[in-house]
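What follows is a short report on a single structure.
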Amino acid sequence: MKDQLKTLVVIPAYNEALNIEKTITDLQTNAPQVDYVVINDGSKDNTLEVLEKNGYNYINGFLNQGLFGAVQTGFKYAYEKGYDIAIQFDGDGQHSAAYIQDLVDEIEKGSNIVIGSRFVSEKKPWTARMAGSRLIAAAIKLVTGKTVLDPTSGFRAYDKACIKEYAFDSNMPPEPDTLVYMYRKKKKIKEVQVQMSEREFGESYLNLPNTVKYMTRMLVSILLIQPFRKV
């Protein structure tokens, strides 16, 4: 039997003191075969104290870099430590570690990026909340001809080559727009069905003004920037 690829779960955490213990317990219970690192992204609450108290593996950021900076820090760690797979995994308890092996399996079968999707076998609801996801999916389809059912999912696995690219390219945030660029580079992107939970504690940064800004940035990038980047 072949050895499983060495896998690291990268957990960006900003003000997740009330959620991070549940997240790590989930990992240790449902995916004990993988390693993890929490990136404390300049939290203003007592996230750092919780990490220290429990002896969790973490990197402490003194300044809030945002999602891109936190995930890139984790990917640099994965690259330097020689991991074969890096998995982006939210620190707020919305993702379930029970599905990590499904993502790993698809990387082992030859995919370069695997997205944990809510909508492979389940229908995407027609709600205002999903309007942004539909717009982004439509934009990706327009410029690549590829269908991504859950482009805004932050539950993703990346192979070794992608780890290096996302770790060291300042134009590679782990967002839907860079999927366009990866398609243009002939990367194989796969979606697998997962279930996600609602955040129990704290607030998402995606309030209405931030959602509008996010959508505008993603659509401009997908339609006007990513199609023209040099590959």
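The values are calculated or read from the model by the stated rules, or taken from the named source; none is laboratory data. Fair warning: this is a prediction, and the values are worked out from it, not measured in the lab. Positions of Cβ are backbone-derived with ideal geometry, glycine not excepted, and every protein chain shown enters the neighbour counts. These area figures cover heavy atoms from the full protein model, side chains too; ligands, DNA and RNA do not enter into them. Shrake-Rupley method; radii C 1.70, N 1.55, O 1.52, S 1.80 Å.
Just to be sure before I move on: is Leu27 at pLDDT below 95 and closer than 17 Å to Arg156 by Cβ in the structure I sent? Judged against the criteria, Leu27 is not a match. Can you name every residue in region 119-147 that is open to solvent by less than 60 Å² (accessible area, probe 1.4 Å), assigned to a loop (DSSP other than H, G, I, E, B) and of a type outside the set (Phe, Trp, Tyr)? Matches in region 119-147: Lys124, Pro125, Gly145.
Which one is farthest from the chain's Cα centre (by Cα) among residues in region 69-93 that are of a type in the set (A, V, I, L, M, F, W, C) and closer than 19 Å to Asp105 by Cα?
First, pick out the residues of region 69-93 that are of a type in the set (A, V, I, L, M, F, W, C): 70-71, 75, 78, 85-87, 89.
Imposing the further condition that a residue be closer than 19 Å to Asp105 by Cα reduces the set to 78, 85-87, 89.
Numbers: Ala78: 14, Ile85: 13, Ala86: 9, Ile87: 7, Phe89: 5 Å.
That would be Ala78.
Of the strands (runs of 3 or more DSSP E) lying entirely inside region 2-80, those carrying at least 2 residues that are of a type in the set (A, V, I, L, M) are 7-13, 35-41.
Considering region 1-35, and only residues there that are aliphatic (A, V, I, L, M), closer than 18 Å to Ile113 by Cβ and open to solvent by 10 Å² or more (accessible area, probe 1.4 Å), the residue that is farthest from the chain's Cα centre (by Cα) turns out to be Leu5.
Filter region 36-59 down to residues that are open to solvent by 40 Å² or more (accessible area, probe 1.4 Å) and under 19 Å from the mean Cα position of the chain (by Cα), then give me how many there are.
So the count comes out to 3.
Across region 148-168, the number of residues qualifying as assigned to a helix (DSSP H, G or I), open to solvent by 20 Å² or more (accessible area, probe 1.4 Å) and of a type in the set (Ser, Thr, Tyr) comes to 0.
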